[in-house]
Amino acid sequence: QLQRLMAAMALCGNPDLLVLDEPTTALDVTTQIEVLKAFKSVIKQEGSAAIYVTHDLSVVAQIADDIVVLYAGEIQEHGRAEQVVYQPGHDYTRRLMNAVRPPPAAGQGDEMTGDHEREAPALEVRELSAGYGKKNNGNPSIRVLRDVNISIERGHTVGVIGESGCGKSTLARVMSGLLPASQGDVLLDGEPLQPDLKNRSRSELQKVQFVFQMADTALNPRQRIDQILGRPLEFYLGLKGGEKRKRIAELLEMVELPQDFAGRYPDELSGGQKQRINLARALAASPEILLCDEVISALDSIVGANVIELLKRLRKLTGVSYVFISHDLSTVASFADEIVVLYAGRVVEQGHVD
């Protein structure tokens, strides 16, 4: 709805040219299709020309007449949409096509996530309800989540999917304590957590870390990378001096970035590199749970696929559990052990990927 309003604002002046910069990036497939239909209809009615900027070839193929492929600031390929999509002439275009995720397939979870002895889940939510606005009789004026029950076993990845506005990000905010629940409990290692993160212990904060969707806004542009990674090392682990520098180097190696990145600022990095730093900052706390909220939605298919592979390797290396939030079922199916489907704030289906 917000994206349609922004498009309406842009059209108020009856423009000859409409520039659409990643307008469907964070939308689920259903909403994305509806928004694309609206764009196509308006462009046709108004007779406007449009430049549609995106990292997703499947999206551009639905709306464009011609496609221009950019890499490192240079045009690599330019042609009719059908030709570029079905008969790409440049290696980079072919790599973009090959990196688009295959249809969901069962049994793609990590081999470490097989049978375990029964113990308390790493993280669990019980009868959880939450929302926004002033409370009335204990309930928020805008209810988003209703009676949600989810369990995340140790070393497992639970994928949470659903269309835009179904409550996925709200669920992560409640788990992390950024948004206190109106009803229900969040349990860590079988013990209830305080609803508000301000009331959680340092140990509890350390164990549950958030990887935000937009690394651009999650990273302080005025801090060097070593400062961004150093703060959680000091706060949670008490590391200083040489120990801290050594751990920063290890974190950069874990997310497969060069050591000299420690002295750079976020605006010197690409989107994929920023997201790796975003991930490294969360890992600096040595957490048990990582809440990953649409962490590849703003990345192109190649970079996104690389980040997913990195998350898999980190799960093997550290044993961390993931709550992986996405609107893309194929991405979740390639990575998760279990899937939870949210619709209108309720769990409508959950189970193993297969």
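The values are calculated or read from the model by the stated rules, or taken from the named source; none is laboratory data. Computed from a predicted model, the values in this text were never measured in an experiment. Positions of Cβ are backbone-derived with ideal geometry, glycine not excepted, and every protein chain shown enters the neighbour counts.
What number of residues within the range 161-181 satisfy the criterion of being of a type in the set (A, V, I, L, M, F, W, C) and closer than 12 Å to Val125 by Cβ? Residues flagged as of a type in the set (A, V, I, L, M, F, W, C) and closer than 12 Å to Val125 by Cβ within the range 161-181 amount to 5.
Hey, among the residues in the range 247-268 that are in contact (Cβ under 8 Å) with a residue 40 or more places away in the chain and of a type outside the set (Val, Ile, Thr), which one's surrounded by the fewest Cβ atoms within 10 Å (Cβ to Cβ)? For the range 247-268, the residue satisfying everything is Asp267. Count of the range 174-195 residues, restricted to those that are in contact with a Phe, Trp or Tyr (Cβ under 9 Å, 6 or more places away or on another chain) and more than 10 Å from Ala130 (Cα to Cα), is 3. Being farther than 18 Å from Leu205 by Cα and in contact with a Cys (Cβ under 8 Å, 6 or more places away or on another chain) holds for only one residue in Ile325, Ile302, Ile277, and it is Ile325. Restricting Pro192, Pro180 to those that are loosely packed, with under 14 Cβ neighbours inside 10 Å, touching an Asp or Glu at 6+ places or on another chain (Cβ under 7 Å) and not basic (Lys, Arg) reduces the list to Pro192. If you go through the range 24-73 and pick out every residue that is in contact with a helix residue (DSSP H, G or I) (Cβ under 8 Å, 6 or more places away or on another chain), among the charged types (D, E, K, R) and touching a residue at least 24 places away in the same chain (Cβ under 8 Å), you end up with 2. For the range 196-212, the tally of residues that are closer than 10 Å to Gly177 by Cβ and touching a helix residue (DSSP H, G or I) at 6+ places or on another chain (Cβ under 8 Å) stands at 4. Taken over the range 232-246, residues that are surrounded by 13 or more Cβ atoms within 10 Å (Cβ to Cβ), of a type in the set (D, E, K, R) and under 25 Å from Ala122 (Cα atoms) amount to 0. Taking the range 207-218 as the range and being surrounded by fewer than 21 Cβ atoms within 10 Å (Cβ to Cβ) and outside any helix (DSSP H, G or I) as the test, the residues that pass are Phe212, Met214.
Within the range 339-352, the set of residues being within 19 Å of the chain's Cα centre (by Cα) and either of a type in the set (Gly, Ala, Ser) or part of a loop (DSSP other than H, G, I, E, B) (or both) comprises just one member, Gly345. Scanning the range 143-162 for residues that are outside any strand (DSSP E or B), over 14 Å from Val340 (Cα atoms) and under 20 Å from the mean Cα position of the chain (by Cα) yields one hit, Gly155. Among the residues of the range 298-314, none qualifies, meaning not one is within 15 Å of Glu153 (Cα to Cα) and either at pLDDT below 85 or in contact with a Gly (Cβ under 8 Å, 6 or more places away or on another chain) (or both).
Restricting the first member to the range 150-170 and to residues that are acidic (Asp, Glu) and modelled with pLDDT of 90 or more, and the second to residues that are surrounded by fewer than 23 Cβ atoms within 10 Å (Cβ to Cβ) and assigned to a loop (DSSP other than H, G, I, E, B), the beta-carbon pairs closer than 7 Å and six or more apart or on different chains are Glu153/His116; Glu153/Pro121.
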